[in-house]
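Report on the structure given below.
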Amino acid sequence: MVNAQDKPPLLNPPTVPRYNQTPPPPPAPEQVPRPPVGGVMQPPPPVQSGIVSTGTQQDIIKNAALAVATAQKAKMYLTAGKVWSMVAPRGEVEVKAAIVYDGTAVAVLHFNPLDGSILPLGVHVVARGVSPQIIENVKRNLPAIISSLEVLNGAEYREPENAWCVPLAYKNMIVAHLKIYGDGIHVVPDYPANQEMQAYGK
């Protein structure tokens with residue numbers, strides 16, 4: 001019996017990664033220091049570097065194992081989402097399916113539009129159209145694929161998002177990443193995938 005208390009929490013939508021936040025406005029002109037009359041202007045204070053401090057880096061690194069453990073716990077709650085097709089910028093068709101956690105898309109699987117087989121990350125099949133039967137086959141096979149996903153024992157840290165990316169494998173292929181917030185505790189929604197799923201999913 002699964003203990004619901006062990007279910008990792010989903011990161012609340014208001015907690016948006018730093019790269020989605022609006023930058024602060026530049027200082028008003030009157031805030032720019034002016035040299036004193038008849039004197040020498042003092043050098044400005046040093047600009048704060050964007051590099052994370054050593055202490056913070058150590059805290060982040062300590063969360064790697066926790067992030068993998070969180071992904072492993074979350075795996076049993078992953079379910080099949082909607083399936084959709086889209087035309088990529090070069091005109092080729094992409095077939096996608098959402099991996100859903102707590103009603104929200106947290107990752108995307110890519111499928112071959114010619115035969116409906118799952119694709120590993122990095123492989124792109126050029127096709128100009130997709131049969132409705134392919135979409136139906138993907139929908140039918142999706143629950144079994146998601147139940148067979150394996151959470152790999154490792155994670156990549158992505159600083160702009162402050163998130164750990166834990167690979168998900170299917171038949172020895174990495175097919176998606178589950179993002180865990182930098183604290184190692186919260187599952188991060190895939191906001192673009194969630195929007196696509198809501199707009200185009202079937």
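The values are calculated or read from the model by the stated rules, or taken from the named source; none is laboratory data. In this text, all values refer to a predicted model and were calculated from it rather than measured experimentally. Ideal geometry is used to build each Cβ from the backbone, glycine not excepted, and the neighbour counts take in all protein chains shown. Surface areas here come from the heavy atoms of the whole protein model, side chains and all, with no ligands, DNA or RNA. Shrake-Rupley method; radii C 1.70, N 1.55, O 1.52, S 1.80 Å.
Things to note:
- Computed from phi, the 3J(HN,Hα) profile of region 146-153 under the Karplus parametrisation 6.51, -1.76, 1.60 (θ = phi - 60°) reads 5, 5, 8, 5, 10, 7, 6, 8 Hz, with x in place of Gly and Pro.
- Modelled FRET efficiency - R0 35 Å, E150 with R128, Cβ distances, 0.05 increments: 0.55
- 3J(HN,Hα) couplings calculated from phi for region 129-144 with the Karplus curve 6.51 cos²θ - 1.76 cosθ + 1.60 (θ = phi - 60°) are, in sequence order, x, 9, 6, x, 5, 4, 4, 5, 5, 5, 4, 5, 8, 4, x, 5 Hz; Gly and Pro show x.
- Multiplying the residue separation of D115 and M76 by 0.36 nm and subtracting their alpha-carbon distance yields 11.2 nm.
- Here region 95-124 is scanned for amide nitrogen atoms under 13 Å from the site 7 Å beyond the Cα of K7 along Cα-to-Cβ, giving 101-104.
- On a per residue basis, region 71-121 carries 40 Å² of accessible surface, using protein heavy atoms and a 1.4 Å probe.
- Here's how it looks for L178: its modeled amide H is under 5 Å from those of V166, L168, which are all 5 or more places away or on a different chain.
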